[in-house]
Amino acid sequence: MNIPNSSTAPAAGEYAGDEVSAIVLDPGYWTTRAGFAGEDVPKSVCPSFYGQRDTESDTQHYFGENAIHNPLGDLDIKNYWGSDGIVEDWDTATKLWEYAITNRLTGTKATDPTRNGLNDGTNTNGDAMEVDIDALDNQEKPLEESPLLVTEPGWNSAKAREKYIEIAMEDWGTPAFFLQKTGVLAAFASGKASGIIIDVGASHTSVTPVLDGMVLRKGVQKSPLAGNFVSNQIRHIFKQSAPEIPLTPHYLVKSKTQVDAGAAAQATYKTFTTPPTDSFRLNEEERVLTEFKESVVEVWPGPGRFSNGTNEEIAKNTPGRPFEMPDGWNQVFGAERFRAAEGLFDASAALTSESSPRPKDDQTIPKLVQAAVLSVDADQRPLLLGNIVVTGGSTLLYKFNERLNYEINNIYPSTRNKLIAPGSVVERKYAAWIGGSILASLGSFHQLWISKKEYEEHGASIVEKRCR
Amino acid sequence: MATGRDVRDMLGLPMGGEAPKAAVQKRPKPAGGTRKIQGVAREVAALYGERPPPVAVYEESKSYRAKRQNTGPAKKWEQQPFRNPVRSDGLILRHWKRKHTTAPAVQPSEDATMQDGENTEPYIDTCSDYAKYDIKVDLPTFTDDEYDAYLRSDDWSREETDYLIQMVGDYAYRWAIVWDRYDFQPSLAHETLENTNGDTDQALATMPFAPSKKRSVEDLKARFYDISAKLMKQRIPEVQMDAEQYSTYEMLTKFDPVMERNRKMLASALMNRSMDEVKEEEFLLTELQRINMAANRLDAEREELRARLDAPQHNPAVSAGLQAFTSSQALQALFQQLFQQDRSKKRASGGGTGPGRLSLSANDMVHTPGSAQAQLSAANRRQSMASQAVAQTPVKHLSPRQEERFNVSTHDRLTSGVTFGSDKLLKMRQAKSNVQTQKIGAALAELGIPDVIPIPTSKVGGTFEMLVTKLGKLLDVRKVREKEEGEVRVLQNMKDGTKEEKMDTETKEEPEDENDDNPNYGEDDADAAGEDEDDDDAEGEEEDGDEDQDTNGDGDGDGDVVPDDLDAEGEDESSVQPSRATSQGATTAGHKRSASVFSQGSEERSKRIRK
Ligand SMILES: Nc1ncnc2c1ncn2[C@@H]1O[C@H](COP(=O)(O)OP(=O)(O)O)[C@@H](O)[C@H]1O
Ligand SMILES: [Mg+2]
């Protein structure tokens, strides 16, 4: 008798696992996740924000958690994603992804610093680079030995998809490549081949109907009501409260003293010779807001909307939650903590200002789900509603799932709707990566890779045909 | 779980196995090392106390682990490059495999092809484990001529048809996805679709199509199925199709897009019902369920009640439903049963014997042992075990003679497990009350029947049961007699003078009875008969009414006549009534013996039975 443990090989046919040291890359707006297929969690999680410093001769990029939170003067914090949820800044994206992969996984190869893509800003001409790299020994490319699986948003454009494979093949020299949608992979991570995947990330909320491991493209819905929207709502709450709640990020505070709830902060602040840029401050504020989301913000769990009158009264009678800013200011947040995320479900409850107008009704999550279900064949609807996979960092908001459950049952009272939300934080945040990790470590997946040879034969358009 | 000890105990073997067993349990202990136990396991072990654990599971796992440690040095693994045979591009990937050793003879199980791994040039494996997952779908194919001849459609261009078929192939007949991705652009399609061929232009030229029609799943399916059906018919004429092919063909031709569309509309309407409608339906459904449950319960209760009221309904044939009455034998039995019921009812009303005496029919059931038995089982399970001796209705294959010869017995219902004949005999000796048991014991002793009957076969058991039944009745009669005697004595004392003539007449009758009855006593009962005679003598002054009560059986008579004899009554009801039923024809003598001694009325009855 053989009791399986970590050092015994699984029995043949037990599962179709057959790892080929593939790397899975899951770029998101908030973080970019990378790791070896077959592992449970991405080894490398690096912020998708990067620092950029322009000197007269050169543009320098700073990647990684440590670099972007370092208050250097004139460090601009940027993100390579466009507002439409498609990668915009391809050059930096390539570099950041390469950083995410090489930093923790493969290790950097000793390459010519001008060519490894990390430091160059001079050689932006694609053609010249291609020639350059072809001339070099293949060993110098970072991914020469690892097949690469990259995730993409469900609404990715055909052009963007081709760009992915070009980067992987030309710049990184990967022997095999595949592109898969985050929705499908998140479903796989929960062991589902069909379902509706609700992904509430940082920049976008997406609802993706998936059938037998394939996205139903007509049903894919996205809206900007996600983590960043909630952050924005919190800013509104801070601003509209009287007196205004000051939002001071960590890097400004040298030391703090304890003050009473609601009292003005008494802290000593740091001084900078060259003050950090606005974008740097915004990003640092975002960190505080994320803390606030984690510990204070609560979603009204239903029944009914928060703003229907009676619910607000009920909420007032619940005990509040305290929060302390980095500078020591603190307060207990009562019913207002419900308002930050209410806009995700009820557009009319969103806090508005000139710069952030009222969101459209059909951008709310219930409406997205409704639209997604409606664009699916009637026969498949009950199946999909029975497998609603919830993923993305913002779904970790307290009571988010209760509310989502209420809303969906409210729209579809006659079907058996089931939410599948992994309990652990890691699985919720990195579901797409985990699904990719599963997929890329399957023996049956070997035949699906797009090999370098195929890419050379058919060109970049092969992704359209193979990664459906 | 039965251990060897239990088995030994059951078989009455000496507990000699004890010593080796203890040794077995002790041996692995030092090997596993009591000192080695750590952590929680140690505490668990402490709970066992001094004694060794009852099950040696722990030791087993211990020894397993010890073995595992000795499997030799760690096996080496290496990244083995391999090729997947389904891939046409010869992509080489690397996966982790056990490194094969240099000595080929040591491990004959190792794949022979792997031996050349030590060569300088890297060996590339072919891994076809997952080739089975490379599945291609079957698609209808047709030539241009075929298309022109059969497949033309006003609504579909050749180009779009090709596109459709390609899509169906690409998405492996997943229609929801085909429809989702379906995006046909007639004019632009030239460049993007490789498989469009020359006649596209011609088809386009001949027929002007509306650009990019919006097609529903049903449209796509209808077109595709139509093509498939037509081609199928072309390849295999309808008459030559086998059943399976024809059913496929039928399915293809019978596809009705309009109906499908309506169905889907209904389905989505069902899904889009409002909360109120759903609630209402839910309410109705629960209501229905509630009603159903109540109805079921009511049925069950009624059934139970019926079963209780109508003891003969216990007949398994009845409970098995109508199917049980398909054979003529069963029908016969049913008829007799109904007949008996009818009769007993008539008797109950006409004979003035009072209500609730259905069991009166026991005497009449001489010829329907089946129903009698059912009655018996309903009334007294305990005694039913002793009922083998009763002649069974030959339901199955054997005639009674054969049954007897082969010692086969059929049973309506078997209790599980094994019972011993001697147990049954022992049980029969016991009545519900101690007094009664003692009385029976004394009576048996009087008859000279030993406490242990040597070979308790079922026949012996039957006979013994008959005897005990008779004894029971005898005891009843004795009891009644004693009561009556007492009464008579009282009355006598009261009206000493006036009653003398009556006593004379009664005593005259007595010898008559004896003459009549004596030949009927069984040969084995010769002693008992003598004894009965003694009793009978003493009972000379019985009245007619008493006789009636007793023949009606049941010991009910006792209750009426002897109201203070309460404990005896219960026992009488349970033991005497069924035992009469079991004894049936064979016990006629018994009836007579007990009855006849009282008066002429009983004589008449026994005569009727004999007829
Ligand atoms: N515990 C939490 N509670 C609420 N929001 C959270 C929590 N953890 C992370 N978030 C938010 O989730 C978002 C990131 O989610 P993620 O799925 O990682 O995004 P992306 O896929 O776009 O990278 C951020 O807006 C962050 O503020
Ligand atoms: Mg995401």
Where A:Glu427 falls short, out of the listed (1) within 16 Å of ligand 1 (Cβ to nearest atom); (2) of a type in the set (Asp, Glu); (3) within 10 Å of chain B (Cβ to nearest Cβ): (3)
Tally, over region A:155-166, of residues that are in contact with a strand residue (DSSP E or B) (Cβ under 9 Å, 6 or more places away or on another chain) and surrounded by fewer than 24 Cβ atoms within 10 Å (Cβ to Cβ): 5
Subset of region B:83-97 [closer than 16 Å to A:Ala440 by Cβ and either more than 7 Å from chain A (Cβ to nearest Cβ) or open to solvent by 70 Å² or more (accessible area, probe 1.4 Å) (or both)]: B:Arg94, B:Trp96
Out of A:Lys418, A:Lys367, sole residue that is within 25 Å of A:Pro153 (Cα to Cα), of a type in the set (Lys, Arg) and surrounded by 16 or more Cβ atoms within 10 Å (Cβ to Cβ): A:Lys367
Flag if A:Leu448 is part of a helix (DSSP H, G or I), within 26 Å of the chain's Cα centre (by Cα), within 14 Å of another protein chain (Cβ to nearest Cβ) and at pLDDT below 95: no
Options A:Ala421, A:Ala432; residue that is more than 9 Å from every other protein chain (Cβ to nearest Cβ), under 26 Å from the mean Cα position of the chain (by Cα) and either hydroxyl-bearing (Ser, Thr, Tyr) or farther than 30 Å from B:Glu281 by Cα (or both): A:Ala432
Selection within region B:428-470 - over 20 Å from B:Val418 (Cα atoms), touching a residue at least 60 places away in the same chain (Cβ under 8 Å) and open to solvent by 70 Å² or more (accessible area, probe 1.4 Å): B:Lys432, B:Val435, B:Glu446
Flag for A:Arg428 being under 24 Å from A:Ser231 (Cα atoms) and within 16 Å of ligand 2 (Cβ to nearest atom): yes
Residues located in region A:149-182, provided they are assigned to a strand (DSSP E or B) and more than 14 Å from chain B (Cβ to nearest Cβ): A:Val150, A:Thr151, A:Glu152, A:Leu179, A:Gln180
Strands (runs of 3 or more DSSP E) contained entirely in region A:183-264, each with at least 1 residues that are surrounded by fewer than 24 Cβ atoms within 10 Å (Cβ to Cβ) and within 15 Å of ligand 2 (Cβ to nearest atom): A:221-223
Any hit, region B:266-285, residues being β-branched (Val, Ile, Thr), under 44 Å from the mean Cα position of the chain (by Cα) and away from chain A (no Cβ under 14 Å): no
B:Gln240, sole failed condition from (1) away from chain A (no Cβ under 14 Å); (2) within 47 Å of the chain's Cα centre (by Cα): (2)
For A:Ser295: the one exception among (1) open to solvent by 30 Å² or more (accessible area, probe 1.4 Å); (2) hydroxyl-bearing (Ser, Thr, Tyr); (3) away from ligand 1 (no atom under 16 Å from the Cβ); (4) at pLDDT 90 or above: (3)
Selection from region A:48-85 of residues that are under 21 Å from A:Leu185 (Cβ atoms), without any contact (Cβ under 8 Å) to a residue 60 or more places away in the chain and touching a Gly at 6+ places or on another chain (Cβ under 9 Å): A:Ser48
Among (1) of a type in the set (Asp, Glu); (2) surrounded by fewer than 17 Cβ atoms within 10 Å (Cβ to Cβ); (3) more than 9 Å from every other protein chain (Cβ to nearest Cβ) - the single one A:Glu457 does not satisfy: (3)
For A:Val215: the one exception among (1) within 15 Å of ligand 1 (Cβ to nearest atom); (2) within 28 Å of A:Arg403 (Cβ to Cβ): (1)
Verdict on A:Ile411 being out of contact with any Gly (no Cβ under 7 Å at 6 or more places or on another chain) and either open to solvent by 40 Å² or more (accessible area, probe 1.4 Å) or more than 14 Å from ligand 1 (Cβ to nearest atom) (or both): yes
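The values are calculated or read from the model by the stated rules, or taken from the named source; none is laboratory data. Being a predicted model, the structure only gives us computed values, none of them experimental. Heads up, the Cβs are rebuilt from the backbone with ideal geometry, glycines too, and the neighbour counts pull from every protein chain shown. With ligands, DNA and RNA removed, areas are computed over all heavy atoms of the protein, side chains included. Shrake-Rupley method; radii C 1.70, N 1.55, O 1.52, S 1.80 Å.
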